[in-house]
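See below for the structure under consideration.
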Amino acid sequence: MTTQTTSPLLLSPFKIGDLTLKNRVVMAPLTRSRAGESRMPNALMAEYYTQRAGAGLIITEATVVSTQANGWLNTPGIYSDEQAEAWKQIVTAIHARETPIFMQLWHCGRASHSSFHENNQLPVAASAVKINGEGIHTPAGKQPYQTPRALETDEISLVVEDYRKAAERAKMAGFDGVEIHAANGYLIDTFLQTRTNHRTDSYGGTVENRYRFLKEIVEAIITVFPANRVGVRLSPNGNFNDMGSPEYREDFLYFAKQLNACDLAYLHLVDGLAFGFHELGTPMVIGEFRDVFAGPLIGNCGYTQEQAETALNSQVADLIAFGRDFISNPDLVERFANGWPLNPPAEVGVWYSFGPEGYIDFPTYQDSAAIS
């Protein structure tokens, strides 16, 4: 790395558990929908991730843990041995660049539709509370959101087991660790928040009960990976998928405090507001979590290079995840190191398109300089 960088901390090595990261830039999980209808990882995806292996840590796009977890077109899965086998080409390519890679484990919950599921079964959630939104892209075209089916108490352990099996397959594929996606209004988040959890059993009501589902998932996964190879992602400020609960500040600090006792690899917080804000009070900032979580903290959502360096300097965060900047800048870390300008942001239309365009065809700075 050049000595001219304005980001000495961002570009410095960092350890999570027994893993040494070459810098503190994390590639955020980014749904890109290139796995086809079979939800099978492929060579195109391997090329995309390899282009971005300058990151200190790559977290994969959200990857569904079961067929019940599906809710987004052409996203990859980790619920079959064939999928695990197909992921190996991506893991091997990233490891060849000396970059660790974690898989993000996902269950869409109510952010799904019956047309994704066998026999048109309804999507499941903590409670039968429908998303208020303009609709969802499904195999049958854009459809209105449906009222989900609340999981029965005795079904919850089956979903926990889906997460454990997914972690086993991720380990089989060679991943260095996993991140539990408990953010953005997907299944786990609907258990955590009062807006969507109206249960009267041991998984609803008190904050302790609402945390129980996530707690059981963490406990199941750390029988597969050591705790210092498991991360959790939370979104305390988010309104994506119609979320946001009045007790957000007290609740999310409680969740973080509980997770602190698990000695996890990190806590990944969507603390920025670029993805939407529920406006139920003042936004939570990452520094509030430092008081209750002693392990590594990843800040995410809308950070610039300068803001990232400031957050690291003030020790409120240890790592910063970049999402949209990584879409259009495969060489993002090199650009940070050399003070090179970024490519224009990618058009939203290519985020979830299904082919190579707008996916693996963004030029590096040096490619652009050679052309000009």
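Would you mind telling me which residue in THR223, THR31, THR63 has the biggest mean-square fluctuation in a Gaussian network model of the chain, where springs connect alpha carbons within a distance under 10 angstrom?
THR223
Short version: what are the Cα gyration tensor semi-axes of region 187-249, square root of 5 times each eigenvalue, largest first, in whole Å?
Each semi-axis is √(5λ); the values are 22, 15, 8 Å.
Under a 1.4 angstrom probe, counting protein chains only, how are HIS117, HIS107 ranked by accessible area, largest first?
HIS117, HIS107
Relative contact order of the chain: what whole-number percent is it, with Cα pairs under 8 angstrom and at least 6 residues apart?
Relative contact order comes out at 19 percent.
Return one whole number: the accessible area per residue of region 145-286 in Å², for a 1.4 Å probe.
Averaged over the residues of region 145-286, the accessible area is 36 Å².
Which residues in region 112-134 place their backbone N less than 19 Å from a point set 7 Å from the Cα of HIS198 along the Cα-to-Cβ direction?
In region 112-134, the label zone of HIS198 (backbone N under 19 Å from the point 7 Å along Cα→Cβ) covers 112, 122-133.
Magnitude of the Cβ-charge dipole of the chain, K/R +1 and D/E -1, about the Cα centre, nearest 20 debye?
40
According to the square roots a ≥ b ≥ c of the eigenvalues of the Cα gyration tensor, what is the shape class of region 158-281, taking rounded for a/c under 1.5, prolate for a/b larger than b/c otherwise, and oblate for the remainder?
It is prolate, given that a/c is not under 1.5 and a/b is the larger ratio.
Taking the convex hull of the alpha carbon atoms in region 172-214, what volume per residue do you get, in Å³?
Roughly 87 Å³ of hull volume per residue.
Any idea what the relative contact order of region 29-111 is, in percent, if you count C-alpha pairs under 8 Å spaced at least 6 apart?
The value is 42 percent.
In the chain, what percent of the accessible surface is made up of carbon and sulfur (1.4 Å probe, ligands and nucleic acids excluded)?
52
Running a GNM on the chain with Cα contacts under 10 Å, which residue among ALA294, ALA28, ALA55 ends up with the highest mean-square fluctuation?
Fluctuation is largest for ALA294.
Give me the extension gain from VAL292 to GLN121: residue separation times 0.36 nm, minus the current Cα-Cα distance, reported in nm with one decimal.
Here the answer is 57.5 nm.
In a Gaussian network model over the chain where Cα atoms closer than 10 Å are linked, find which of ASP291, ASP242, ASP325 has the largest mean-square fluctuation.
For the chain, modelled as a Gaussian network with Cα springs under 10 Å, the answer is ASP291.
What base-10 log of the normalised intensity I(q)/I(0) is obtained for region 216-311 from the Debye formula, alpha carbons as equal point scatterers, at q = 0.13, 0.16 Å⁻¹?
Values, matching the q order: -0.47, -0.69.
Given the -39500 (n - 2.57) contribution per DSSP H run of 4+ residues, what per-residue ellipticity at 222 nm results for the chain, rounded to the nearest 500 deg cm²/dmol?
That calculation yields -8500 deg cm²/dmol at 222 nm.
Which of the GluC sites (Glu not before Pro) found in region 176-280 are in a DSSP loop and have at most 16 neighbouring Cβ atoms, other than their own, within 10 Å?
Answer by residue number: GLU247, GLU279.
When only the heavy atoms of the protein chains count and the probe is 1.4 Å, how do GLU47, GLU306, GLU357 rank by accessible area, highest first?
The most accessible residue leads, giving GLU306, GLU357, GLU47.
Provide VAL348, VAL292, VAL124 ordered by accessible surface of protein heavy atoms (probe 1.4 Å), highest first.
Ranked from most to least accessible, the order is VAL348, VAL292, VAL124.
Counting Lys and Arg as +1 and Asp and Glu as -1, each charge on the Cβ, what is the dipole of region 306-358 about the Cα centre in debye, to the nearest 20?
60
Convex hull over the Cα atoms of the chain, averaged projected area in nm²?
17.2
The values are calculated or read from the model by the stated rules, or taken from the named source; none is laboratory data. The structure presented is a predicted model; accordingly, all values stated were derived computationally and were not measured. Methodologically, a virtual Cβ is constructed for each residue, glycine included, from the backbone with ideal geometry; neighbour enumeration extends over all protein chains shown. The protein model used for the area step is the full one, side chains on, heavy atoms only, and it has no ligands, DNA or RNA in it. Shrake-Rupley method; radii C 1.70, N 1.55, O 1.52, S 1.80 Å.
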